[in-house]
Structures are given as structure tokens and as C-alpha cells.
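Report on one structure; see the data block that follows.
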Amino acid sequence: ALLLFIVVFILTADYIKNRRLTGFPPGPPALPIVGNIFTLDHKRTHESMTELAGRYGDVYSMRMGQRWVVVLNGFEAVTQALVTQGDSFSDRPSIPLYDDIFHGLGVILSNGHMWKQQRRFALSTLKYFGFGKKSLEPMILEEFTYVAKEISAYKGKPFNPHLIVNNTVANIICLLVFGHRFEYGDEQFKKMMKLFEQSIQIQVSVLLYNAFPQLMRCLPGPHQKFKRINEELKDFVRTEVKDHKQKWDPSDLRDFIDYYLNEIQMSKGQDDSTFDEECLIMSVLDLFGAGSETTSTTLRWAFLFMVKYPEIQERVQAEIDSVIGQSRPPSVDDRADLPYTDAVIHEIQRMGNIVPLNLPHVTNRDVHLRGYTIPKGVTIIPNLTSVLFDKREWKTPFTFNPGHFLNEEGKFVKPAAFIPFSAGKRLCLGENLARMELFLFFTSFMQHFTFSMPPGVKPVLDYRFGITLSPVHYEICAKPRHE
Ligand code: HEM
């Protein structure tokens, strides 16, 4: 009888605490305690979430354990929240596992004054290195020569591009933050890349940790490994910072770390400064975390789409041959003269859909959105899948169609619903760098190689769902186009 009483008590308390309040967005019925955790197909969470919008509308709610989540779907609802009502929707929720490791420092996970200062600094430094006096353009083109050599060594035989592309793209972030690249075979580099790869894989346990942080903190499991991996990554960056401090010369600031050290000096004595070495380490990890896997995943989708649609690959190559030729590398200035290639890159990003559920946001006050009331502190998922495949915005949402980005005269146009970098105040701060990398790497690959599947193998567009949506590992052949 006592047990029955306890069960009834827990269920009643759960019902009273967690019932949907009047005016709150509707959504699927939730189980006691666990909520809607089992409503979703976790292998394809982004698709499950998009499908639920068909039943409950563009703004609906779910309960993940004890946490209410509002999912925003379609271009209109997502941009109304992130752009039109951006002041209320731009904070990040607390994520216990990340808070325990990163302490809310840096750009991605911070809020308020810390976020504003760190974001402004990172944006202006990226602008300086990306496009200013110290443009990364020549370095990206030079990095291509290394990856081209690596790929040519396979002499058209099948290889797995996963690690090669990851190394190439990570080196661009290394150049930006450390001021130098690594040889792909360098032991330190290999160790760092392995740690990053592992840190992405383990994130499933984030769900459990967030639901029961006090308990999980004491228990062994993959979350403890996740902590260890991130501490090792911090140590790796700490060593680079130490080295930079020894060689630091304010009259010759070479990279992101040098600039940051300069900022620490300049803001000494200012009470509201958030610039210090721990925050520097986190900002560096943010740039790796946000800027490496994303761009390399997009390039790995690019190869797959090109082998799946060889006629599109041929048309891109023909355009590159006629505008750039073979005797010089591409340049960002060529983009305007390559509308078809540009359209293909955009369509790869749309269909690749590599940050399928965006990063989570949270309401920082009680808000009204599209007739609903959402209290302060509710986690918001601005579902990018539902925007990039929104039937109201795209002619053929589920077909790879570069025509989405071309007008009747064949000129490049960008529909407003193209928001793979999100929108509003939290808009990806590496968008310009990512766009430059994607353009220069993709055109260079198309200029030098023709990609195809190994004989007898059909391209499969399967993905692995996580924070990023990456193609499952595959092998590919790259035939040099010119000796
Ligand atoms: C945030 C996409 C490349 C740095 C984001 C967000 C998305 C995104 C969807 C979340 C925005 C939001 O919360 O509303 C992408 C895609 C990329 C890419 C699709 C490549 C194809 C990069 C690169 C960098 C970078 C190259 C830097 C080197 C960041 C940072 C944030 C962010 C620091 C956090 C911004 C903040 O919280 O204020 N990105 N990103 N990203 N991205 Fe990117």
C-alpha cells in the first residue's frame, strides 16, 4: 500500500508540475517523468520533429524529461522568433554537462555581457584574418595543394575522404588561431584530431546527464570520458597559449591567440572585462568545435552529391574550365562569374542540412509568439531542417536542384529561406569564413579531380544524426583531370 501511495504521489506531483499551461503551444501527449523522450526516433530526430509539425502546427511543445522544449518550424516561425523577436530568443539554455566542463565561458555557450564581449571580439578578429590585410585566402589555396597531393597519391583508387578532409579543414582553424598548420602525419595533430572526433561521438550521454545531473556527476560512464577528452583538448590549447606568450610581440600580432593576449593586456584594470586566459582557451575550442566539423561535413556531402549526380559535376567543371581554366587557382572574386557552381554549393548546403536542429536557444523573458505564451526559461529548438525543406519556400524541397538558386536568366539568387547558418543575433559568426572555404575548396576540387564511386558501388546518402548531420563513412575515387 505504501509503494502504491508513493507511485500515485509521484505521478500526481509530476502531472501538477508539468501540465501544459493555458496558452502554451500544443504538442504530443507526454509520459510521466520521462516526457516525450520516446516520442522521437533518435536516429532521425530532426525528421521526427519536422513531421510532428504536420500534426501540431509550426509552434509546438514537448517535454524532454523535466524540461519543456518549444520546437519552431518553417521559415516564418523560425525567423519571427530569431529575427523579429530576437531580443527574447537569443540566449542559450544551461546544459549541465557542458556547464560542468566549460563553465559558460567563450562564445557558443555564454550569455549576457560575456557573450557580447567575446562575440564582438571573435567577429572582428575573424574579419581581419578572413578578409582584411591578413586574408586566409592564400592559405586556403595552399592547404588545397597539400590535400590534392594526398588524394593524388591514391591514383584514382578508392579511399575514405573522412579523415583527409577533416585534417584539411582543421588546418585552416589552426592557421587562424595558432598561426601555423600541421603536417597531416604530425603526432600532436593526429592526437588532437582524434580527441575532437571522440568529443563529437560521445554526446549522446548529454541527454541523460542533463536530465539527472546530480546523479550522473557521481556515476562512471561515457560522460566521464567526455570530460577527460575535453580537459585534454584544453591542455593542448593551453600549451599553444604558453608558447604564444613567450613569443608575444604587440607590434606583430600573428593570429587569434596573439590578438586575444593583446586584448587581455588592454583590458587590464577594467572591471567589466571578460578577457582572461581560461576564456581564451574556450574561445579557441569554440572556433574548432563550430568551425571544423561543420565545414568538413559539408565538403564530404559535396563529394557524395557530385558522384550521385555526375551530370551536375560535369556542368560545374565546364563552367570552371571556361571561367578560370587550368593555369591558375580559383579566387573569391571568381564567384560572381560562376553562378552555376555557386548555386550547386548552396544546394549542397541546403540538402546536406548539416546543423539539422540548429543550436538550442532559450527564452529570456515571457513571450508571445504566434498566439501562444511561452514563459521565460523554455528551451527553444529553431528547427533548421523544417526551413531548408519547407514546402512553402522551395520548388522541389526533397530533390537536389541547383535551380533553387538560379533565376530565369541563369543568374545566382539566394532565397530568404536559405538559413543553414541560422539567423538573428546568434547567427553563425564564421559564416563568411565558411563560405570562403567552401567556395575555394569546392572549386579547387572540381578543377583538379573528377569524383566517382568505386566500380560496382552505388552512392548512398545515409547520415549519422548528431549536432551535425554527417554522411556515413564511404569510399570514393578521385581521378585527376589533368596530369
Ligand atoms: C554558430 C552553422 C561554420 C563559428 C552556428 C550556428 C549554426 C552554424 C546553425 C547556430 C546559430 C544559432 O544558435 O542560432 C554553421 C555552418 C558552418 C559553420 C553550417 C559551415 C558550413 C563555422 C565556422 C566558424 C563558426 C567556420 C568559425 C571559425 C560559430 C560560432 C557560433 C556558431 C562561434 C556560435 C555563435 C554564438 O553563439 O553567438 N554556426 N557554422 N561556424 N558558429 Fe557556425
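The values are calculated or read from the model by the stated rules, or taken from the named source; none is laboratory data. As the structure is a prediction and not an experimental result, all values here were calculated from the model. In this analysis, Cβ positions are derived from the backbone assuming ideal geometry, glycine residues included, and neighbour counts consider all displayed protein chains.
Screening Leu406, Leu429, Leu440 for residues that are touching a residue at least 60 places away in the same chain (Cβ under 8 Å), more than 9 Å from the ligand (Cβ to nearest atom) and over 27 Å from Tyr154 (Cα atoms) leaves exactly one candidate, Leu406.
Can you confirm whether segment 13-31 contains a residue that is crowded, with 16+ Cβ neighbours inside 10 Å, free of Cβ contacts under 8 Å to residues at least 40 places away in the same chain and among the charged types (D, E, K, R)? Yes: segment 13-31 contains one or more residues that are crowded, with 16+ Cβ neighbours inside 10 Å, free of Cβ contacts under 8 Å to residues at least 40 places away in the same chain and among the charged types (D, E, K, R). Scanning segment 365-381 for residues that are assigned to a loop (DSSP other than H, G, I, E, B) and either within 14 Å of the ligand (Cβ to nearest atom) or out of contact with any strand residue (DSSP E or B) (no Cβ under 6 Å at 6 or more places or on another chain) (or both) returns Arg365, Asp366, Gly371, Pro375, Lys376, Gly377. Residue pairs whose Cβ atoms lie under 6 Å apart, separated by 6 or more positions or on different chains, with the first residue in segment 285-301 and in contact (Cβ under 8 Å) with a residue 12 or more places away in the chain and within 6 Å of the ligand (Cβ to nearest atom) and the second of a type in the set (Val, Ile, Thr) and part of a helix (DSSP H, G or I), are Leu287/Ile173; Leu287/Val177; Gly291/Ile173; Thr295/Val169.
Is there a residue in segment 363-377 that is of a type in the set (A, V, I, L, M), surrounded by 20 or more Cβ atoms within 10 Å (Cβ to Cβ) and under 28 Å from Leu207 (Cβ atoms)? Can you show your working first?
Our first condition is that a residue be of a type in the set (A, V, I, L, M); within segment 363-377, this holds for 367, 369, 374.
Next, only the ones that are surrounded by 20 or more Cβ atoms within 10 Å (Cβ to Cβ) stay: 369, 374.
If we keep only those that are under 28 Å from Leu207 (Cβ atoms) too, we end up with 369, 374.
Yes: one or more hits.
If the condition is being more than 17 Å from Asn160 (Cβ to Cβ) and either within 16 Å of the ligand (Cβ to nearest atom) or in a helix (DSSP H, G or I) (or both), then segment 443-460 contributes Thr443, Ser444, Met446, Gln447, His448. For the subset of segment 96-113 comprising residues that are within 14 Å of the ligand (Cβ to nearest atom) and surrounded by fewer than 19 Cβ atoms within 10 Å (Cβ to Cβ), which member is nearest to Thr274 (Cα to Cα)? If we take residues in segment 96-113 being within 14 Å of the ligand (Cβ to nearest atom) and surrounded by fewer than 19 Cβ atoms within 10 Å (Cβ to Cβ), then His113 is nearest to Thr274 (Cα to Cα).
Condition check ((1) of a type outside the set (Ser, Thr, Tyr); (2) closer than 23 Å to Thr443 by Cα; (3) within 11 Å of the ligand (Cβ to nearest atom)) across all residues:
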{"position": "Met306", "(1), (2), (3)": "yes, yes, no"}
{"position": "Glu319", "(1), (2), (3)": "yes, yes, no"}
{"position": "Ser327", "(1), (2), (3)": "no, yes, no"}
{"position": "Pro339", "(1), (2), (3)": "yes, yes, no"}
{"position": "Ala343", "(1), (2), (3)": "yes, yes, no"}
{"position": "Arg350", "(1), (2), (3)": "yes, yes, yes"}
{"position": "Ile354", "(1), (2), (3)": "yes, yes, yes"}
{"position": "Leu359", "(1), (2), (3)": "yes, no, yes"}
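Can you confirm whether segment 149-166 contains a residue that is more than 25 Å from Pro329 (Cβ to Cβ), of a type in the set (S, T, N, Q) and in a loop (DSSP other than H, G, I, E, B)? Yes; the residues of segment 149-166 include at least one that is more than 25 Å from Pro329 (Cβ to Cβ), of a type in the set (S, T, N, Q) and in a loop (DSSP other than H, G, I, E, B).
Scan segment 88-110 residue by residue and report those that are assigned to a loop (DSSP other than H, G, I, E, B) and among the polar types (S, T, N, Q). Steps first, please.
Kept after step one, since they are assigned to a loop (DSSP other than H, G, I, E, B), are these residues of segment 88-110: 90, 92-95, 103-110.
Of everything in segment 88-110, those that are assigned to a loop (DSSP other than H, G, I, E, B) and among the polar types (S, T, N, Q) turn out to be Ser90, Ser94, Ser110.
The residues on offer are Arg365, Arg300, Arg328, Arg370, and the sole one that is of a type in the set (Lys, Arg) and within 25 Å of the chain's Cα centre (by Cα) is Arg300. Return yes or no: is Lys191 part of a helix (DSSP H, G or I) and either under 15 Å from Leu233 (Cα atoms) or at pLDDT below 95 (or both)? Yes. The set of residues in segment 199-221 being surrounded by fewer than 18 Cβ atoms within 10 Å (Cβ to Cβ), modelled with pLDDT of 80 or more and either at positive phi or part of a helix (DSSP H, G or I) (or both) consists of Pro213, Gln214, Leu215, Arg217, Cys218, Gly221. When you scan segment 40-57, do you find a residue that is modelled with pLDDT of 95 or more and not in a helix (DSSP H, G or I), even just one? The answer is yes, given that some residue of segment 40-57 is modelled with pLDDT of 95 or more and not in a helix (DSSP H, G or I).
Please work out if Ala434 is among the aliphatic types (A, V, I, L, M), at pLDDT 95 or above, surrounded by 14 or more Cβ atoms within 10 Å (Cβ to Cβ) and under 30 Å from Met62 (Cα atoms). No; evaluated as a whole, the condition is false for this residue. Taking the criterion of being in a loop (DSSP other than H, G, I, E, B) and farther than 9 Å from Met62 by Cβ, the residues of segment 25-36 that qualify are Pro25, Pro26, Pro29, Pro32, Ile33, Val34.
Among the criteria (1) out of contact with any Pro (no Cβ under 9 Å at 6 or more places or on another chain); (2) free of Cβ contacts under 8 Å to residues at least 12 places away in the same chain, the one His223 does not fulfil is (2).
Selection of first residues in segment 231-259 that are part of a loop (DSSP other than H, G, I, E, B) and of second residues that are among the aromatic types (Phe, Trp, Tyr) and surrounded by 17 or more Cβ atoms within 10 Å (Cβ to Cβ), restricted to Cβ pairs under 7 Å at least 6 apart or on distinct chains, gives the following pairs, ordered by first then second residue: Leu253/Tyr259; Asp255/Phe178.
Based on this model, can you work out whether Pro415 counts as surrounded by fewer than 20 Cβ atoms within 10 Å (Cβ to Cβ), at pLDDT 95 or above, out of contact with any Ser or Thr (no Cβ under 6 Å at 6 or more places or on another chain) and not in a helix (DSSP H, G or I)? Judged against the criteria, Pro415 is a match.
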